[in-house]
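Some notes on the structure that comes next.
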Amino acid sequence: IGYRDHGRVVLNPRRALNTQVDTIPFPARDLVGFDKYKSPAHLELGKRTANMITSRGCPARCTFCESWRTLGNKFRGHSPAYMLAEIEHLVETYRAEHVIFNDDTFTWDLERAQAFCEGLLEKNLGVTWFAFSRVDTVTRELLALMKRAGCVSLNFGVESGDAHMLEVMKKGAPVGQARQALRWSRELGFKTLASFLFGMPGETTASIERTINFAIELNPHIALFNVLVPFPGTEVYARFPQFH
């Protein structure tokens, strides 16, 4: 916690991260008007939609991302049993029909994702869902299971179609894996979203054009183009004084 005390900035010592995340109760959704909020337009399905976060922490070290700085770099996921219980709560209490998972990478732990999908199929709750993923954390078998379990849409952080820019970002997922993951997803009938990032140090007109052409080649249903924001605490902010 950081705060001001008579003009003096006070920063408390960092507290150890909670690794037993199943001890955390469900969000107090009763304090918020469920019907007052809509999902983003590009995710809108015309269904009663709820949001869930089922994990914290990201082991990836993308140089532009602040997530691992704010939530830690150790992946800490709720158990499939906890996830299923929360969905049951959403269906029974709020008549939820669709769930948006806001985890950085829902598929980081492949075995957890598989067990969740199998449990969802067994319970037959009838919900559809959306999740964020990485192109290097999915297999065709996992994607097929997710589709059977009600996943209708996925957003992959592709970021660039230029190999050098991917190295600068420390993305760790080459363009070949993006081609493969998007192809599988299209073949299985997902609505695919792909996110791209412009403006990293070293970006050129040629690398931007390669990314645009790559987005056209991948042919996602929606391509999301973002411009770099050098958040303090990220590697890209620390390495390049021009951002300070």
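The values are calculated or read from the model by the stated rules, or taken from the named source; none is laboratory data. Model, not experiment: these values are computed from the prediction. Note: ideal-geometry Cβ built from the backbone for every residue, glycine included; neighbour counts use all protein chains shown. SASA here: full protein model, heavy atoms, side chains in, ligands and nucleic acids out. Shrake-Rupley method; radii C 1.70, N 1.55, O 1.52, S 1.80 Å.
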Pull out the extension gain between HIS89 and LEU11, defined as 0.36 nm times the separation in residues minus the alpha carbon to alpha carbon distance; nm, one decimal. 24.3 nm
Going through the cross-link list LYS147/LYS171; LYS38/LYS74; LYS74/LYS171; LYS47/LYS147, which pairs have a Cα-Cα distance over 22 Å in this structure? LYS147/LYS171; LYS38/LYS74
Mean accessible surface per residue for the stretch 70-143, computed with a 1.4 Å probe while every protein chain stays in place, in Å²: 42
In whole angstrom, how far apart do the alpha carbon centroids of the stretch 1-52 and the stretch 84-106 sit? 15
So the carbon and sulfur contribution to the accessible area of the chain, 1.4 Å probe, in percent, is 54
Just check the chain against the gyration tensor rule for me: Cα atoms, a ≥ b ≥ c as the square roots of the eigenvalues, rounded for a/c under 1.5, and otherwise prolate or oblate depending on whether a/b exceeds b/c. oblate
Based on Cβ point charges of +1 for Lys and Arg and -1 for Asp and Glu, what charge dipole magnitude is obtained for the stretch 165-244 about its Cα centre, in debye rounded to the nearest 20? 200
May I ask for the equivalent-ellipsoid semi-axes of the stretch 180-244, computed as the square root of five times each C-alpha gyration tensor eigenvalue and listed largest first in whole Å? 29, 14, 8
Compute the semi-axes of the equivalent ellipsoid of the stretch 49-110, taking the square root of 5 times each eigenvalue of the Cα gyration tensor, and list them largest first in whole Å. 26, 12, 8
Could you list the trypsin sites (Lys or Arg not before Pro) in the stretch 11-55 that lie in coil according to DSSP, counting only those with at most 11 other Cβ atoms within 10 Å of their Cβ? ARG14, ARG15, LYS38
Take the alpha carbon gyration tensor of the stretch 2-42, find the square roots of its eigenvalues, order them as a ≥ b ≥ c, and report rounded if a/c is under 1.5; if not, report prolate when a/b exceeds b/c, else oblate. oblate
Skipping prolines and chain starts, which residues have an amide H placed within reach, meaning under 5 Å, of the one on ASN51, given they are 5 or more residues away or on another chain? ILE100
Rounded to the nearest 20 debye, what is the charge dipole size of the chain about its Cα centre when +1 sits on each Lys and Arg Cβ and -1 on each Asp and Glu Cβ? 360
How big is the Rg/Rh ratio for the stretch 1-109, C-alpha atoms only, Rh by Kirkwood, two decimals? 1.04
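Provide the gained length on full extension for the span LEU121 to ARG4, in nm with one decimal, where the gain is 0.36 nm per separating residue minus the Cα-Cα distance.
Separation in residues times 0.36 nm, less the Cα-Cα distance, equals 37.1 nm.
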Which Cys residues of the chain have no other Cys Cβ less than 4.7 Å away and so no disulfide-compatible partner by this rule? CYS58, CYS117, CYS151
So, taking all protein chains as they sit and a 1.4 Å probe, how much accessible area belongs to ASP109, in Å² rounded to tens? 60
Between the stretch 197-244 and the stretch 130-189, what is the separation of their alpha carbon centroids in Å? 18
Considering amide H positions built from the backbone, and no H for Pro or chain starts, which residues 5 or more places from LEU224, or on another chain, come under 5 Å of its amide H? ALA194, SER195, PHE196
Whole-Hz Karplus couplings 3J(HN,Hα) for the stretch 42-54, θ = phi - 60° and coefficients 6.51, -1.76, 1.60, Gly and Pro as x, run 6, 10, 5, 10, x, 10, 5, 10, 10, 10, 9, 10, 10
In nm, give the distance between the simple-model label positions of ARG48 and PHE225, each being 7 Å from the Cα along the Cα-to-Cβ direction. 4.0
Would you work out if the stretch 88-219 is rounded, prolate or oblate? Take a ≥ b ≥ c from the square roots of the eigenvalues of the alpha-carbon gyration tensor; rounded if a/c is under 1.5, else prolate when a/b is larger than b/c, oblate otherwise. prolate
